[in-house]
1. Please count how many residues of region 149-160 are surrounded by fewer than 11 Cβ atoms within 10 Å (Cβ to Cβ) and aliphatic (A, V, I, L, M).
2. Determine if region 150-166 includes at least one residue that is in a loop (DSSP other than H, G, I, E, B) and touching a Pro at 6+ places or on another chain (Cβ under 9 Å).
3. Within region 96-107, how many residues turn out to be more than 20 Å from the chain's Cα centre (by Cα) and open to solvent by 60 Å² or more (accessible area, probe 1.4 Å)?
4. Quick check: is even one residue across region 130-148 of a type in the set (V, I, T), modelled with pLDDT of 80 or more, in a helix (DSSP H, G or I) and surrounded by 15 or more Cβ atoms within 10 Å (Cβ to Cβ)?
5. Tally up the residues in region 178-211 that are touching a residue at least 24 places away in the same chain (Cβ under 8 Å) and in a loop (DSSP other than H, G, I, E, B), please.
6. Looking at region 108-125, which of its residues are surrounded by 16 or more Cβ atoms within 10 Å (Cβ to Cβ) and part of a helix (DSSP H, G or I)?
7. Restricting to region 169-186, and then to whatever is in contact with a helix residue (DSSP H, G or I) (Cβ under 7 Å, 6 or more places away or on another chain) and among the hydrophobic types (A, V, I, L, M, F, W, C), can you tell me which residue is most open to solvent (accessible area, probe 1.4 Å)?
8. Could you please let me know if Y215 is loosely packed, with under 11 Cβ neighbours inside 10 Å and either within 21 Å of the chain's Cα centre (by Cα) or not in a helix (DSSP H, G or I) (or both)?
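The values are calculated or read from the model by the stated rules, or taken from the named source; none is laboratory data. Please read these numbers as outputs of a predicted model, since none were measured by experiment. Cβ atoms come from the backbone with ideal geometry, glycine included; neighbour counts cover every protein chain shown. Side chains included, ligands, DNA and RNA excluded: accessible areas come from the protein's heavy atoms. Shrake-Rupley method; radii C 1.70, N 1.55, O 1.52, S 1.80 Å.
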Amino acid sequence: MDYKYCVQCGAKLRPDAKFCVRCGAKQPKLADENSQSASVKEAPIRPTRESLHRQQEKISPQPEPTEAQKQTTVQTNMEHSGNRATYNNQSVAYNESGHPNLSNSFDIWVKNALHPNVCMGRADFWWGYLATGILEVILYWVLLLALLVTKQSTVGILFLVLNYIQSLVCGIWVILAAIKRLHDTDHSGWNLLWYLTGIGAIWVIILLCQPTNQYAARWPRP
C-alpha cells in the first residue's frame, strides 16, 4: 500500500488523507499528486529542525520545580495576599498582620478581639501582648497620678474602681488572644485551664510559644 508524507511535519499518512493525524495540517489534493508523471515519485518532505523542536516540547514532560523554586513561589504568594492565604510550607510562619510589630499586631488584637474562633500567629500574639502590657502600665500611672494630684478620698475610690475595671478588661482581652494563639498551634483554648493547677501554667506558656501548625484546619486563619 502506498503512503504519502505530511507537508508540515513529515508524518506518514494514507494516500487519501486530507489532514495530518499528527499536526493537523491540510494536505494537497490527490488530483494534484496524480497529475505528476507516474514515473516520478515525490521525495518525502522531511520535517524541519523547528518542527521537530516543537514536537519535542509537546512530548517532553515538564521538570518538577526545585525546593528553592517552591519556596520562592510561597513567599511571592504571601506578599501578594498579605499573609492571609493558606500556607502549605512548614518553613513559613503565619501572621495576619504581614509585618508584626507593636502597631500592626496591636491592630490585629483590636480587630479580632470578639472573634476567638480564629487563629493568631506567634509574632502577632507576642507583639500585641507587649503593646497591651505597655498600654495597661500607662493607664495605671495616669490614674495614680490623678490620685496623687487631687489627694481626695473620692478620687482614691474612683482609682480603685477604674483600676479594677482596667485589669478585668485587659485580662479578658489577653485570654481571648491566647485562645486564638492556641488555635494556630492546633490546640483547643480549653488548655488555658491548666493555669488553675499552678504548675500547668508552664505547659500553657510552652504551647503559646509553639510555631504555626500549617496543617491545622479546625479553626480558620483570617
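1. Count: 1.
2. No.
3. Count: 3.
4. Checking region 130-148: at least one residue is of a type in the set (V, I, T), modelled with pLDDT of 80 or more, in a helix (DSSP H, G or I) and surrounded by 15 or more Cβ atoms within 10 Å (Cβ to Cβ).
5. 5
6. Hits for region 108-125 are I108, W109, R122, A123, D124, F125.
7. Residue satisfying both the conditions and the ranking: I175.
8. Against the criterion (loosely packed, with under 11 Cβ neighbours inside 10 Å and either within 21 Å of the chain's Cα centre (by Cα) or not in a helix (DSSP H, G or I) (or both)), Y215 qualifies.
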